[in-house]
Amino acid sequence: MTTKAQDGSAPVILWFRRDLRLADNPALNQAYATGRPILPVYTHDEGAGVRAAGAASLWWLDKSLRALATSLAGRGATLILRRGDAETQLRRLIDETGADAIFLNRLFEPAAWTRDADIAHRLKADGIECRGFNGSLLARPGSLLNGSGGPYKVFTPFMKALRARAEPPAHTNGPRAFGGAPHVAGDDLDDWGLHPTRPDWSGGFDWAPGEDGGIAALHRFVTEGLKDYADGRDRPAQAATSRLSPHLHFGEINPWRAWIAARDAADAGTVAPDQADKFIAELIWRDFSAHLLHHFPTLPDKAFRPEYDAMPWREDEAGFTAWTRGLTGYPIVDAGMRELWATGMMHNRVRMIVASFLIKDLLIDWRRGEAWFWDTLVDADLASNSQNWQWVAGSGADASPYFRIFNPVTQGQKFDAEARYVKRWIPELARLPARWAHAPWEAPPEVLRDSGVRLGATYPRPIVDHARARDRALAALKTVTAERQDAAAD
């Protein structure tokens, strides 16, 4: 058993998780305020009942840890890497150094929350102080409750409550220098094998993980993309989205910093207030998802509205495979899925289109789509991923109604009218005139011939007829409606 007495000269452990930054880091600030030597540590724990990160997330984690290690080294500290059970590794570090306190920013996903609470309880029983902070969200889950004392299930009241009650913390840059900590051996990050090999599929990943990359992305967005955000965020060919989501997920930037940067741009008159407000609403939606998951732990696995678990999903392996590979025959869907595979990211509007296609055109369980996104997105986030898939499926909190079924042709024509996005990701259609690019099967034979398109050969025919699929989806909805009526009768 590890037992330590409180010692004013003993080092303290700064346990990094998804807060891979030095600025605006409350756990770091509080650890530094003790005046004791700080031992920065990251534990790679894959067996704690917490959902294992997907391949694209591991790619990002590799680069982000390297960036954090470099930042710490520049301030005189060494990032200690330990792989294995988190509690075991923390206890080893305590035994090796005499540390008697641990500072951490909390994880609010239910499994991680429970694991951390159990670790803290056992360590405190052995005389180790454990102090946790909110370093990832605008508001701590549990701090915003409705008039009945329960969690909000509708976004607009949640947003109003957060705007009214949440207070931004003061900006901090972190300590200029660390010092005095004993040298402790750690793992070599290369040995963790987070970067893909055999093959390395990340050649198209054009990202700069790490705190500096997050700050640069925020600056670029505020000065370039924010001014046309409200409309531009729906245009996949435009560079109007923030590209901040992976930086936020890994805690390379505090969400309050993004909020304040947008608000300051509006106050300075460089962007219209409504553009800043729209972006801030998206930051709040991220919080809304996190709060929902914290209060409703089954969100990733079960329909939030339980009657939707009666949906008669289809087993369609051929359809699912075509969807994952971007070979459905619907260009806007295929472009999105190819963008995802090539870059680890997909445009927000297109995410809704491809999700609707899987759920409603193919009638495949949303959980399969969520799992694919989890593995392939660099910004895969358990709360946001689950909530957004359930939003499209109609089964989530404050969700889009299931009968809202996106037409992939008209969605493409509306939001990618010149087909620039489609042609970027589907080079087979690059020479096809834009008027036909979202429905190539409707193009005259001579147009297809002159464009070098051979349906069924160079580019697939649609794997499903959208009109018929829509009817099938609405018929499936009746199963849910019947389940709801039966529940009401009971």
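The values are calculated or read from the model by the stated rules, or taken from the named source; none is laboratory data. Predicted, not measured: the structure shown is a model, and the values here were computed from it. All Cβ positions, glycine included, derive from the backbone under ideal geometry; neighbour counts span all protein chains shown.
So which residues in region 347-378 are more than 15 Å from the chain's Cα centre (by Cα), hydrophobic (A, V, I, L, M, F, W, C) and more than 14 Å from G394 (Cβ to Cβ), if there are any at all?
V350, I353, V354, F357, L362, I364
Within region 469-490, track down each residue that is among the basic types (K, R) and modelled with pLDDT under 95. Give the derivation first.
Here is the first cut: in region 469-490, the ones among the basic types (K, R) are 470, 472, 478, 484.
Listed by number, the residues that qualify are K478, R484.
So, A117, is that one assigned to a loop (DSSP other than H, G, I, E, B) and either modelled with pLDDT of 95 or more or surrounded by fewer than 16 Cβ atoms within 10 Å (Cβ to Cβ) (or both) or not? Give the derivation first.
Working: assigned to a loop (DSSP other than H, G, I, E, B): no; either modelled with pLDDT of 95 or more or surrounded by fewer than 16 Cβ atoms within 10 Å (Cβ to Cβ) (or both): yes.
In short, no.
What is the number of the single condition among (1) over 20 Å from S384 (Cα atoms); (2) crowded, with 21+ Cβ neighbours inside 10 Å; (3) over 16 Å from the mean Cα position of the chain (by Cα) that R314 does not meet?
(2)
Working only within region 373-394, note down all residues that are within 22 Å of A310 (Cα to Cα), touching a residue at least 12 places away in the same chain (Cβ under 8 Å) and in a helix (DSSP H, G or I). Can you show your working first?
Start the filter on region 373-394 by keeping residues that are within 22 Å of A310 (Cα to Cα), which leaves 385-394.
Those still in the list that are touching a residue at least 12 places away in the same chain (Cβ under 8 Å) too: 385-390, 392-394.
Scanning region 373-394 gives N385, S386, Q387, N388, W389, Q390, V392, A393.
If you take the residues in region 187-226 that are among the aromatic types (F, W, Y) and farther than 30 Å from W259 by Cβ, which one is nearest to the chain's Cα centre (by Cα)?
Per the criteria, the residue is W201.
Listed residues R338, R351; which is modelled with pLDDT of 95 or more, more than 24 Å from L137 (Cβ to Cβ) and among the basic types (K, R)?
On the way: R351 fails: more than 24 Å from L137 (Cβ to Cβ).
From the options R338, R351, the qualifying one is R338.
Among A262, A290, A258, A266, which is surrounded by 18 or more Cβ atoms within 10 Å (Cβ to Cβ), free of Cβ contacts under 8 Å to residues at least 40 places away in the same chain, of a type outside the set (V, I, T) and on the phi < 0 side of the Ramachandran plot?
On the way: A262 fails: free of Cβ contacts under 8 Å to residues at least 40 places away in the same chain; A290 fails: free of Cβ contacts under 8 Å to residues at least 40 places away in the same chain; A258 fails: free of Cβ contacts under 8 Å to residues at least 40 places away in the same chain.
After applying the criteria, what remains is A266.
Is there any pair with a first residue in region 126-144 that is under 16 Å from A258 (Cβ atoms) and a second that is among the aliphatic types (A, V, I, L, M) whose Cβ atoms are under 7 Å apart and which are 6 or more apart or on different chains, and what are they?
These pairs meet every condition: G135/A27; L137/A290; L138/L162; L138/A166; L138/L283; L138/I284; A139/L162; A139/A166.
For (1) touching an Asp or Glu at 6+ places or on another chain (Cβ under 8 Å); (2) closer than 18 Å to G54 by Cα, each residue gets a yes or a no:
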site: F357; (1), (2): no, no
site: D361; (1), (2): no, no
site: I364; (1), (2): yes, no
site: A383; (1), (2): yes, yes
site: N388; (1), (2): no, yes
site: A399; (1), (2): no, no
site: E418; (1), (2): no, no
site: K423; (1), (2): no, no
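Among (1) more than 20 Å from I215 (Cα to Cα); (2) not in a loop (DSSP other than H, G, I, E, B), where does D264 come up short?
Failed condition: (1).
Given the residues L28, L90, L65, which is the only one that is assigned to a helix (DSSP H, G or I), of a type outside the set (K, R), touching a Pro at 6+ places or on another chain (Cβ under 8 Å) and modelled with pLDDT of 95 or more? Full working, then the answer.
Numbers: L90 fails: touching a Pro at 6+ places or on another chain (Cβ under 8 Å); L65 fails: touching a Pro at 6+ places or on another chain (Cβ under 8 Å).
Checking each option against the conditions leaves just L28.
What do you reckon, is A473 in contact (Cβ under 8 Å) with a residue 24 or more places away in the chain, outside any helix (DSSP H, G or I) and under 30 Å from the mean Cα position of the chain (by Cα)? Steps first, please.
On the way: in contact (Cβ under 8 Å) with a residue 24 or more places away in the chain: yes; outside any helix (DSSP H, G or I): no; under 30 Å from the mean Cα position of the chain (by Cα): yes.
No; evaluated as a whole, the condition is false for this residue.
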